[in-house]
1. How much accessible surface does residue 263 have with a 1.4 Å probe, in Å² rounded to 10?
2. Going down the table (130/154; 181/211; 114/229; 35/58; 154/288), which pairs top 21 Å between alpha carbons?
3. Residue 142 versus residue 35, label points 7 Å from Cα toward the beta carbon: distance in nm?
4. Once you have the Cα-Cα distance between residue 73 and residue 151, take 0.36 nm times their residue separation minus that, and quote the gain in nm to one decimal.
5. Under a 1.4 Å probe, what is the accessible area of segment 127-222 per residue, stated in Å²?
6. Calculate one ³J(HN,Hα) per residue across segment 4-16 by plugging θ = phi - 60° into the Karplus curve 6.51 cos²θ - 1.76 cosθ + 1.60, and present them in order as whole Hz with x for glycine and proline.
7. In nm, to one decimal, how far is the residue 235 label point from the residue 208 one, both placed 7 Å along Cα→Cβ?
8. On full extension of the chain, what length is gained from residue 168 through residue 108, given 0.36 nm per residue of separation minus the C-alpha to C-alpha distance?
Amino acid sequence: MFRFDSSTYLYLLALVPVLLLIYVAGFSRQRKKLKALGDLGLLRQLMPGMSKVRPWVKFGLLLASLALVILMLARPQMGTKISNEKRNGIETMMAFDISNSMRAEDVAPSRLDKSKMLVENLVDNFSNDKVGLVVFAGDAYIQLPITSDYVSAKMFLRDISPELIAAQGTNIGDAIHLCVKSFTEQENMGRAVIVITDGEDHEGRAVEAAKEARKNGIRVYVLGVGSTKGSLVPDGEGGYLKDNTGKEVMSALNEDMCKEIAEAGGGAYIHVDNTNVAQQKLDNELAKLEKGEITSVVFSEYDEQFQAFGILALLLLIVEICVFESKNPLLRNISIFSRKKKKD
């Protein structure tokens, strides 16, 4: 496994495009000054030793060297030894509703974005647990298999949008079934399915799926997102969704359905609003689950790789020194940086 031990230095890579812009701006000013002196073609004939390409090559080599030095400061490392660490934790599968109704903005900034923030905070609080992600609308799909890689979990979470599933609707039952199948077969392990939805179940099999999960020792928790008063659903193009009659669609949180699913699954229903109360309640509920032994594969030893970056940076600097801005009189007939003109 490759990593940067001091990744904060990677922010310095922002200097590369900034310096490039400064160089381009300086080159543009220089060109304007030359134009003020006379025709550029005539000026080039008066300065046959000057090259248009060489300064750019030299500057490119300097920028590449700078980028390599920054990467070297970030301490690139390669994992060399794999070990299995045993920890006590739980397994959690998130079933994330990404139907169009989750675009509604009765919870700021929207039901979907608020849910993402809540789950990201939940993952940040995990330490020895495993997490997986299922997305659903009219169909359900595994977005992330169950893992202890929290970085990947948050990365996949940020990519969630209603565009991931073409078939619209809200099939909570299939999502719960898929979550149940996604757990490991390890015994004596606390397991939870967390359904994040506005409760508009269009298929009607959610309660049965929650009961089946409970029989298998899996708790089903439901996070209800939205307002019971309802809200218009943005269409993602500046307007609002409309039904077949042309009337704007109103979506409301179905708390009764959410509570029924949570009760059937032996878990709890938690309403998500614009406060942090839902986060605290969910943390407390998950803390009640039995902690099982989780084996994680990790890299326990890393070798420094900065030497390769340093050598490459040094080579680029040597090449930069050897390249002159003006053409070498001894090598004038050899064209490396410009095309030869065809003779008539």
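1. Roll a 1.4 Å probe over it and residue 263 shows about 140 Å².
2. Violating the 21 Å Cα-Cα cut-off are 35/58; 154/288.
3. Inter-label distance under the simple model: 6.1 nm.
4. 25.8 nm
5. Per-residue value: 45 Å².
6. Listing the rounded values in order: 10, 6, 10, 5, 4, 5, 5, 4, 5, 4, 5, 5, 4 Hz.
7. Taking the simple label geometry, residue 235 and residue 208 are separated by 3.6 nm.
8. That works out to 19.3 nm of additional length.
The values are calculated or read from the model by the stated rules, or taken from the named source; none is laboratory data. Please read these numbers as outputs of a predicted model, since none were measured by experiment. Virtual Cβ from ideal backbone geometry, glycine too; neighbours counted across all protein chains shown. Accessible surface is based on the protein model in full, side chains and every heavy atom, while ligands, DNA and RNA are left aside. Shrake-Rupley method; radii C 1.70, N 1.55, O 1.52, S 1.80 Å.
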